[in-house]
Amino acid sequence: MTEEQLDRLVRDADPARPDVVGALGGVKQSILEEIMSESTLDRFVEPPRRRPGAGRTVRRFAGVVTAAAVLAGVLGVSVLLREPGEGAETPPAPAAGAPVVYSPVAMRAAEKNPRLLINQPGWVATTVYGFAEEQGTIAFRRGDRELEMNWYPAGGYADRFADRLSVSRPEAVRVDGWPGDLFRYSARDFAVILRPRDGVFVEMRTGDNWSRGEFDRVLATVVRVDVRTWLGALPAEIVTPDRVRERAGEVLAGVPLPPGFDVAALEKVGVNDSYQFGAAVTSLVGCGWIAEWQRARAGGDEAAVRRAVDALRGSHGWRVLREMDEAGDWPEVFWEYADEVAAGRLPAGYAQGLGCR
């Protein structure tokens with residue numbers, strides 16, 4: 001996410017702010033009771049930080065920076081159907097009679113999210129992550145406009161809706177028959193919160209350069225699809241569990257691996273764009289080397305200490321991190337911890353910062 005988005009998330013993320021709670025009073029409860037009433041829910045119908053360019057992205061992972069972890073709320077929920085010639089290259093269709101086979105891990109990751117697609121040419125998915133967790137994020141871009149689709153556990157809906165009442169009065173909308181409410185941050189910046197269904201709710205956020213008419217037209221093209229359609233709509237550069245081993249081999253080229261490193265562990269990170277996948281892989285490597293450094297120091301194994309230090313110090317030259325450094329801040333976070341270890345100090349907060357488990 002960009003620094004601007006992070007600032008906006010910090011501003012939006014605390015539903016217990018005094019200015020919000022004080023202003024709501026009993027209004028919050030009455031509105032939520034109406035929204036969540038059985039009669040309203042019965043009307044639900046069955047469904048038929050960005051690959052950074054302009055901004056800098058930090059991997060949220062288990063908690064890259066405490067604030068980002070709190071915000072983890074940042075979001076996610078869909079993928080775009082693109083026509084040939086629009087956006088990224090269209091992957092070749094499978095041969096007749098040879099359906100694409102997805103792994104059980106990929107199928108489970110897709111089943112857990114709302115699987116919303118923008119059925120309109122030209123939109124490209126630029127950020128995807130979090131789908132192995134209880135929430136996730138997808139951001140789409142066409143030209144200079146971007147739309148984030150974010151999903152969260154249904155239990156957080158009431159507080160998020162109440163918080164948005166401090167933004168504007170809600171306006172009822174529907175997205176492929178899914179009821180929701182639109183909020184205006186400004187005349188050119190909007191959010192839509194879709195009401196809980198199947199254990200999740202969705203929030204969509206624009207940038208600050210949309211018109212209401214443009215937003216309405218895009219919302220009218222969003223559809224909910226089945227698991228295979230959703231997986232098939234992902235751009236080729238998105239790393240699904242089926243592609244983990246091949247892509248991990250590319251990311252790990254020239255990267256020394258710590259003892260016990262297991263590529264299979266990456267199959268549990270869900271669906272990610274290239275940047276987020278690079279962060280997931282290097283997180284596993286960095287955590288492994290720091291754990292080995294601690295083990296070796298405690299056991300007096302000086303040779304192993306030197307190997308760990310040399311590996312982490314050398315991370316400044318890893319191709320994957322140098323390429324990612326042009327797009328976001330994850331490498332800077334990684335190098336900060338690596339340099340601390342190389343200097344003989346265990347960095348405070350590294351486990352949360354690198355997402356070590």
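The values are calculated or read from the model by the stated rules, or taken from the named source; none is laboratory data. Not measured: the values here are computed from a predicted model. Glycine also receives a Cβ, built like all others from the backbone with ideal geometry; neighbour counts cover every protein chain displayed. Accessible surface is based on the protein model in full, side chains and every heavy atom, while ligands, DNA and RNA are left aside. Shrake-Rupley method; radii C 1.70, N 1.55, O 1.52, S 1.80 Å.
Screening the candidates ALA327, ALA348 for the property of being in contact with a Pro (Cβ under 7 Å, 6 or more places away or on another chain), outside any helix (DSSP H, G or I) and among the hydrophobic types (A, V, I, L, M, F, W, C) yields one hit, ALA327. For region 216-258, filtering for residues that are in contact with a Ser or Thr (Cβ under 6 Å, 6 or more places away or on another chain) and either modelled with pLDDT of 95 or more or not in a loop (DSSP other than H, G, I, E, B) (or both) leaves 2.
Note on region 205-225: residues that are over 21 Å from the mean Cα position of the chain (by Cα), open to solvent by 20 Å² or more (accessible area, probe 1.4 Å) and not small (Gly, Ala, Ser) total 6.
Each residue in region 144-165 was checked for being open to solvent by 10 Å² or more (accessible area, probe 1.4 Å), under 20 Å from SER186 (Cβ atoms) and out of contact with any Leu (no Cβ under 7 Å at 6 or more places or on another chain), and 4 of them qualify.
Considering the conditions (1) modelled with pLDDT under 90; (2) out of contact with any Lys or Arg (no Cβ under 7 Å at 6 or more places or on another chain); (3) among the charged types (D, E, K, R), ASP273 is excluded by exactly one of them, (2).
Condition check ((1) in a strand (DSSP E or B); (2) more than 20 Å from the chain's Cα centre (by Cα); (3) more than 22 Å from VAL269 (Cβ to Cβ)) across all residues:
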site	(1), (2), (3)
ALA125	yes, no, no
GLY155	no, no, yes
TYR185	yes, yes, yes
GLU203	yes, no, yes
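Confirm whether GLU246 is exposed (fewer than 15 other Cβ atoms within 10 Å of the Cβ) and either of a type in the set (Phe, Trp, Tyr) or closer than 30 Å to ASN113 by Cβ (or both). Yes; evaluated as a whole, the condition is true for this residue. Among the residues of region 245-256, those identified as over 17 Å from HIS316 (Cβ atoms) and in contact with a helix residue (DSSP H, G or I) (Cβ under 7 Å, 6 or more places away or on another chain) are ARG245, ARG247, ALA248.
Just so you know, in region 107-133 the residues that are among the aliphatic types (A, V, I, L, M), within 20 Å of GLN276 (Cα to Cα) and buried (at least 23 other Cβ atoms within 10 Å of the Cβ) include one that is modelled with the lowest pLDDT, and it is ALA109.
The residues listed here are ALA338, ALA279; of these, the one that is farther than 30 Å from ARG108 by Cβ and either part of a loop (DSSP other than H, G, I, E, B) or open to solvent by less than 30 Å² (accessible area, probe 1.4 Å) (or both) is ALA338.
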